[in-house]
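Where a number appears in this text, it was derived from the coordinates with a stated rule and is not lab data. All values reported here derive from a predicted model rather than from experimental measurement. For neighbour counting, all protein chains shown are included, and Cβ atoms are generated from backbone atoms with ideal geometry for every residue, glycine included.
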Amino acid sequence: MNPLSTTAVFIALTKGNNPEKNRKIAAKATKLGFVILAFFALTGTLLFQIFSLEVYAFQIAGGILLVSIALRMLSEKNGFSTEENHEEISIIPLTFPLTAGPGTITTVILLFSQAISVFEAVFVFVGIAVGVLLSYLGMVHAHRLFKLLGKDGIRVVTALMAIIVLAIAVQFVITGIISVIPHITQ
């Protein structure tokens with residue numbers, strides 16, 4: 001979870017929206033992000049065991065998903081211009097993988113599984129809440145950056161963020177592949 005990069009992607013994907021619409025998208029994304037992270041904190045270890053999942057599978061899947069988002073951001077019309085697609089972005093990519101991505105989910109699972117007291121377990125949830133709140137605040141106040149950057153500035157930010165999102169996606173996939181190699185060679 002990186003509230004700054006989430007805000008930058010939010011700016012790129014919601015250009016032209018009014019602040020109220022953006023507030024709804026941000027609220028939905030962050031509420032879902034909190035629910036997903038809380039769910040994985042409570043059940044993640046068990047789910048990974050039941051389905052024989054490994055962290056690298058999440059990394060590769062998240063990377064592939066981000067590649068598709070980055071390519072849509074780079075397209076001329078960016079693929080997010082309809083009402084339905086603006087609602088869609090609150091789930092993908094703003095909730096998953098930006099707010100509750102593979103790295104954050106894995107971190108939450110590990111922290112919660114290592115909590116040895118109720119206080120430590122509660123602290124994991126406080127950390128989730130703080131991170132999600134910072135993401136929400138960044139997205140809600142993104143319209144101020146819209147005004148500051150102007151139309152051409154938003155185009156530049158969109159292109160730059162698409163390249164950064166693509167690089168993050170490639171890194172997710174590379175990290176996942178590097179993690180899986182020892183399992184293949186056994």
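Just order 54-63, 157-166 by mean Cβ neighbour count inside 10 Å, highest at the front, would you? Each step should come with its number before you reach the end.
Working: 54-63: 19.9, 157-166: 17.8.
Result, highest mean Cβ count within 10 Å first: 54-63, 157-166.
Viscosity 0.692 mPa s, temperature 37 °C: give me the Stokes-Einstein translational D for segment 3-180 in µm²/s, with Rh taken as the Kirkwood radius over C-alpha pairs.
196 µm²/s
For the chain, with a Gaussian network of springs between Cα atoms less than 10 Å apart, report the residue from S135, S117, S90 with the top mean-square fluctuation.
Ranking S135, S117, S90 by mean-square fluctuation puts S117 first.
When the chain is modelled as a GNM with alpha-carbon springs shorter than 10 Å, which of A115, A27, A129 fluctuates the most?
Result for the chain, Cα springs under 10 Å: A115 fluctuates most.
With N residues in segment 120-162, what two-decimal value do you get for its Cα radius of gyration over 2.2 N^0.38 Å?
Working: Rg = 15.3 Å, N = 43, 2.2 N^0.38 = 9.2 Å.
Normalised Rg, Cα atoms only: 1.66.
Quick one: order M139, M73 by neighbouring beta-carbon count within 10 Å, fewest to most.
M73, M139
List every DSSP H helix in the chain whose Cα atoms extend 27 Å or more along the helix's own long axis and whose mean Kyte-Doolittle hydropathy is at least -0.5.
Answer set is 19-50, 55-74, 118-140, 142-184.
Pairs of lysines 8 or more apart, or on different chains, with alpha carbons under 25 Å: count those in segment 3-180, would you?
Eligible lysine pairs with Cα atoms under 25 Å apart amount to 17.
Calculate the length of the line joining the C-alpha centroid of segment 91-125 to that of segment 150-186, in whole Å.
Here the answer is 21 Å between Cα centres.
Is it possible to state the helix-based mean residue ellipticity at 222 nm for the chain, with each DSSP H run of 4+ residues giving -39500 (n - 2.57), the sum divided by total residues, to the nearest 500 deg cm²/dmol? What is it?
-27500 deg cm²/dmol
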